[in-house]
Amino acid sequence: MADILIIGAGVTGCAVARVLSRYEANITVIDRGADIAEGASKANSGIVHAGFDAKPGTLKAKLNVDGAKMYPALCEELGVPYSQPGALVIGFTEEDRATLENLVRQAELNDVPGCRLVEREEILKMEPNTNPEVLCALYAPTSGLTSPYEMTFALADHAAVNGVKFELGEEVQGVAKGSDGKWHVTTSKGERVCDILVNCAGVGSANIHNMMNSETLQIIDRRGQYYLMDRMAKLPFTMTMFQCPTKMGKGVLVSPTVHGNLLLGPSAEDIPDELDTSTTADGLKFVLDKSRLTWPQASPRGTITNFSGIRAHEAKGDFVIGAVKDQENAYETVGIESPGLSAAPAIGEMLGTQIAEEMGLAKKAEIVPAIKRRKPFHEMNTEERAAAVAENPLYGNLVCRCEVVTEAEIRDAIRRPVGATTIDGVKRRTRAGMGRCQGGFCSPRVAEILCEELGISMLEVTKCGGESKLLVSSIHDAMKKEGC
Amino acid sequence: MNKRLVDVLVIGAGPAGLAAAIAAKEDGIDNLLVLEREHNPGGILRQCIHNGFGLHRFKEELTGPEYAQRDIDKAKEMGIEIQTDTTVLSVDGENHLVTCVSSKHGVELIEAKSIILAMGCRERPRGALGTPGTRCAGIYSAGTAQKFVNLEGYMPGKRVVILGSGDIGLIMARRMTLQGAKVLACVELMPFSSGLNRNIVQCLNDYDIPLYLSHTVVDIKGRERLTGVTVAKVDANRQPIPGSEIEFDCDTLLLSVGLIPENELSEGAGVKLSPLTSGAEVDDVLQTNIPGVFACGNVLHVHDLVDHVSNESFKAGHAAAAYAKGLLERGETIAVRDGDGVRGTVPQFIRKGVSEEVDLMFRPSGVFRGATCIVTCGDKEIARKKAMIFTPGEMAVVKLKPEIVAALDGPVTVKIERS
Ligand SMILES: Cc1cc2nc3c(=O)[nH]c(=O)nc-3n(C[C@H](O)[C@H](O)[C@H](O)COP(=O)(O)OP(=O)(O)OC[C@H]3O[C@@H](n4cnc5c(N)ncnc54)[C@H](O)[C@@H]3O)c2cc1C
Ligand SMILES: Cc1cc2nc3c(=O)[nH]c(=O)nc-3n(C[C@H](O)[C@H](O)[C@H](O)COP(=O)(O)OP(=O)(O)OC[C@H]3O[C@@H](n4cnc5c(N)ncnc54)[C@H](O)[C@@H]3O)c2cc1C
């Protein structure tokens, strides 16, 4: 059986792995992060774009539209939250109107259903909190929302139950074809040898491409910063509110998230360090100022957190997907910036199938067709909750009060096929610590449960792997040493 | 699903809930239930192992756990039922129906004649501040650090900067120092501390920990674990002044930047909240806008002295007992308003025509030295209180005598006048 190594456990790598898991092969996914989805796939807008934005004829356009069509059924199959509130792209000037008219034409060419231009009166009827100076807008009824990291976890879990192995905290540093015709991959932990290499390394993908090919690619690291607001009694918008796109991207949006928070952002700044996901005073100010154009009342009040993600922008602009030129047994996805999340299911099918066909992989006789996830306690009604506790008493122990997450769910997140090993891992899988107190109350208890499940000590618990330890010493041990 | 009927239901077994339950029981309420999410009653006091509690109520200096234990013992002695490990999930205010869950009893429905909200408060996290920088490990709210150190026995770091001068932060400055950590600075945005003066003296000054007033943290560094923070001076509009930056090399940032009453349940129940206190609006017996629903302790407004919490909560307990017996009339009320220098006076209303003593509690909106708090009703002055200092860090209390309360005929205003 062929050994396949996929570099990068973001939504792209996991989507490819899931498709390949239907075939006979030994598949391993490695990532330098301590968890899957530690790159762009955890920090983006979470919009399943309708597909009007990408230039007709590009891979971005095709895969966005194909991917978006797959989302509703895939989310149902994998138990990932999804909704389709629609979107408005708003314009304020005649110049904007021309841009929007062009988007409507693109929508037709890209085969995006239902897009049309709407005027001020209709906009204010649809979304009364829109800046009243708005002139016109593109209305896209099929624009959707999802939870990007939950999608990535679910794709990974599904791949894992069908045999894919995940190796985390391991960085690829070099790639070379050996005299044995196999790929020899140097990593932070040693050497890995495989028959087929698949590079889905996000911001790191051009580096890895350039190790294999003299026709180099270049990734520009383009950071986007956000404000995430607390859930409120009534969100100011039900749809995703875009502004007219510019050459730096889709601009700042104001949108509900699939979980009912409000998201403002992202900024767009080219930065020198592909790992620098810090936020800056200037970046946050930019987001707030721009948001006010859409929503004059925007203010930092009610902020739960700020975060940022980094787009892997390929200098030529389009996705680069397929076999690595002039190399055998090597495939890649490079420059998977937005709409990469929307496109991921389609990228997975396209590249996964291409690899299977070209490499002559045989279909497995049987696979686990879907993974069904249990409804979160938070979303259950009283009867469902009563039934859940009756079946598993750990549902009766509430750990995260803000997001209403129980001990049963936290243990389950750690026991999942690709389970959580860190505080952040538990947070993204369960929402424990994502609410308004940001883990102040529940993190000590989550840490204890991680210790029990993983057989580690409190001093080994990390926020997100590596040196991100929560605690530095035990007072009792220190006292024992001093003979108290 | 089980459904239980009780006369008085108390949510939360911190000092507020315990005092309220004791008062209700004293008034002859036997069908009384206290629900507590944690495994032990006592609330936040369980982790406050320093002393300084109870000076007013018991006339001695107790630690937090000792203070709580007195009420726990008393409640036990009186036969009050406290069901721990049980989280209230929702309160239906109109029907007085509470849904709670525990691993032992599953989901339970409880219908209560009176409900007392005593859920305490939570700390404001980093996100609420919008401080830029990385999102690494090593940033804790002071109360979380206190829980790690005092209840779990672990140190969260070795070199510490504290942002905010709230009491928990000050207490933790001393605690971490005693435990061998180096506390480099306590940084406060405002030109004054938000903590009790005695804590500034006993927790910072005594350990030579510098307090930087009118300063804030403007950058947080460190990819995995915190490696440092940048502190800058702020101008009169609280904006950082370029060029005033100081770099601190630290592995821990503790936040003590405010407490927020925990009112999700109250909001869900339809209780009207005050934007100033973030707690319920109540009358002089702590009754909310929903008849038979009362609030007391930190869920009502953030206190700095537990003695005041207990006092307030006794009152709520007695009133809840009276309501359960059908003895609490809900007639007309008189509004209490904030005047100059005053923020968030509790109670917001006083029942008309009752002759009972009323404590008006509020936070001064700034620092006033040698000033006087004056309470008026129309043109008439009805109470005054002089103080060496009024500061936002210390809740002020002014008493209205029963005969004064009985004679109120219009809105009451509380203000601070500089002399
Ligand atoms: C601010 C922002 C907003 C966005 N909004 C949207 C949106 O609303 N809708 C949408 O469809 N798309 C959006 N996107 C795009 C979308 O997030 C990405 O296209 C998608 O997440 C890319 O997934 P990926 O798996 O290719 O990359 P990543 O998720 O970045 O995964 C790549 C992985 O490779 C690993 N890696 C890199 N180098 C190495 C190495 N040398 N060794 C080992 N591992 C390595 C990284 O750790 C990482 O986990 C947005 C992106 C950003 C940044
Ligand atoms: C660090 C710190 C230092 C302090 N220092 C002093 C001092 O030196 N001197 C002094 O006099 N005072 C001090 N105080 C103040 C005093 O301790 C508090 O004001 C007092 O504990 C508040 O009591 P409470 O009952 O309102 O809230 P809490 O003590 O917070 O109790 C609330 C209880 O309700 C429970 N609860 C909440 N929601 C639910 C639910 N949904 N279902 C079931 N149960 C629920 C909680 O688990 C908790 O046990 C300090 C406070 C702190 C935090």
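Values quoted throughout were computed directly from the atomic coordinates according to the rules given, and no laboratory measurement underlies them. Bear in mind that the values here come from a model prediction, so they are computed numbers and not experimental data. We place every Cβ from the backbone using ideal geometry, glycine too, and count neighbours over all the protein chains shown.
Within straight-line reach of B:K415, meaning a Cα separation under 25 Å, sit the following lysines at least 8 residues removed in sequence or on another chain: B:K272, B:K315, B:K352, B:K380, B:K385, B:K386, B:K399, B:K401. In angstrom, the C-alpha Rg and Dmax of segment A:377-475 are 13.6, 44.
Other chains near B:153-163: what is the mean number of their Cβ atoms within 10 Å of each residue's Cβ? Don't skip to the answer; put the middle values down first.
Numbers: counts 9, 14, 7, 5, 5, 2, 1, 0, 0, 0, 0.
If you average over the peptide's residues, the count of other-chain Cβ atoms is 4.
Quick one: Debye curve from the C-alpha atoms of segment B:331-419, no solvent, what's log10 I(q)/I(0) at q = 0.12, 0.18 Å⁻¹? Treating every Cα as an identical point scatterer, log10 I(q)/I(0) equals -0.32, -0.70. Spin-label model, A:K189 to B:F58: label points 7 Å out along the Cα-to-beta-carbon direction sit 5.4 nm apart.
Which value in deg cm²/dmol, rounded to the nearest 500, describes the helix-derived mean residue ellipticity at 222 nm for the protein assembly as shown, given -39,500 (n - 2.57) per DSSP H run of n ≥ 4 and division by the residue count? Could you put the intermediate results ahead of the total?
Working: 20 runs with 227 residues, N = 903.
It lands at -7500 deg cm²/dmol.
Computed packing ranks the peptides A:133-142, A:333-342, B:60-69, A:58-67 as A:333-342, A:58-67, A:133-142, B:60-69, most packed first, by mean other Cβ atoms within 10 Å.
Pull out a ≥ b ≥ c, the square roots of the eigenvalues of the alpha-carbon gyration tensor of segment B:153-228, then state rounded if a/c is under 1.5, prolate if not and a/b is larger than b/c, and oblate in the remaining case. Since a/c reaches 1.5 but b/c is at least a/b, the shape of segment B:153-228 is classed as oblate.
Listed by chain and number, the aspartates and glutamates whose C-alpha is less than 17 Å from the C-alpha of B:K233, apart from same-chain residues fewer than 8 away, are B:E188, B:D219, B:E245, B:E247. Where the centre of each part is set by its Cα atoms, how far does segment A:264-297 sit from segment A:72-113, in angstrom? Centre-to-centre (Cα) distance: 22 Å. Simple point charges give the picture: +1 on the Cβ of Lys and Arg, -1 on the Cβ of Asp and Glu, and for the protein assembly as shown a dipole about the Cα centre of about 960 debye.
Rounded to two decimals, the Cα-based Rg/Rh of chain A, with Kirkwood Rh, is 0.98. Each of A:A386, A:M151, B:C377 was scored by the projection of its Cα onto the charge dipole of the protein assembly as shown, and the greatest displacement toward the positive side belongs to B:C377; charges sit on the C-beta of Lys, Arg, Asp and Glu.
Enter the mean number of other protein chain beta carbons within 10 Å of the beta carbon of each residue in B:80-89, as an integer. Walk me through the intermediate numbers first.
Values: counts 0, 0, 0, 0, 0, 3, 3, 7, 1, 7.
Rounded to a whole number, the mean comes out at 2.
GNM remark for chain B: springs join alpha carbons under 10 Å apart, and the peak mean-square fluctuation among B:L196, B:L33, B:L276 falls on B:L276. Using a Gaussian network model of chain B in which every pair of alpha carbons under 10 angstrom is joined by a spring, one finds that among B:A21, B:A321, B:A181 the greatest mean-square fluctuation is at B:A181. Judged by the gyration tensor of its Cα atoms, with axes a ≥ b ≥ c, the protein assembly as shown is prolate; a/c meets the 1.5 cut and a/b is the larger of a/b and b/c. For the pair segment A:355-371 / segment B:225-263, the C-alpha centres are spaced 54 Å from each other. Magnitude of the charge dipole for segment B:125-257, about its Cα centre and with charges confined to Cβ atoms of Lys, Arg (+1) and Asp, Glu (-1), is about 280 debye. In this Cβ point-charge picture (+1 for Lys and Arg, -1 for Asp and Glu), segment B:62-193 has a dipole of about 920 debye about its Cα centre. Ordering A:F307, A:V65, B:I171 by Cα displacement along the dipole of the protein assembly as shown toward the positive end leaves B:I171 in first place; charges were set at the Cβ atoms of Lys, Arg (+1) and Asp, Glu (-1). Residues A:W183, A:W295, ranked from the fewest to the most other C-beta atoms within 10 Å, line up as A:W295, A:W183. Ratio of Rg to Rh for segment A:51-128: 1.03 [Cα atoms; Kirkwood radius as inverse mean 1/r over pairs]. Relative to the current alpha-carbon distance between A:R116 and A:D180, full extension at 0.36 nm per residue lengthens the span by 17.3 nm.
Just tell me, in residue order, which DSSP H segments of chain B are both 15 angstrom or longer along the helix axis (alpha-carbon based) and at least -1.0 in mean Kyte-Doolittle hydropathy. Spell out each step's value before the answer.
On the way: long enough: B:15-26 (16 Å, 0.81); B:64-77 (20 Å, -1.79); B:167-178 (17 Å, 0.72); B:306-324 (26 Å, -0.11).
Answer set is B:15-26, B:167-178, B:306-324.
Quick one: which of B:103-114, B:364-375 comes out on top by average Cβ neighbours within 10 Å, and what's the full order, highest first? Can you show the working numbers first?
On the way: B:103-114: 19.5, B:364-375: 17.6.
The densest-packed peptide leads the list: B:103-114, B:364-375.
The length gained by stretching the chain between A:M248 and A:T58 to full extension, at 0.36 nm per residue less their Cα-Cα distance, is 66.7 nm.
Shielding by partners for peptide A:393-404, expressed as the average number of C-beta atoms from other protein chains within 10 Å of each residue's C-beta, is 5. Projecting the Cα atoms of A:G466, A:G439, A:A478 onto the charge dipole of segment A:425-484 (Cβ charges, centred on the Cα centre) puts A:G439 farthest toward the positive pole.
Please state the shape class of chain B: rounded when a/c is under 1.5, otherwise prolate if a/b exceeds b/c and oblate if not, all from the C-alpha gyration tensor. Oblate, since a/c reaches 1.5 and b/c is not below a/b. Here segment B:154-210 and segment A:179-230 have alpha carbon centers that stand 46 Å from each other.
Dimensions of segment A:115-229 along the principal axes, based on C-alpha atoms and rounded to the nearest Å, stand at 69, 37, 27, largest first. Calculate the spin-label point distance for A:E460 paired with A:V368, positioning each point 7 Å from the Cα along the beta-carbon direction, and give it in nanometres. Spacing of the two 7 Å Cα→Cβ label points: 2.5 nm.
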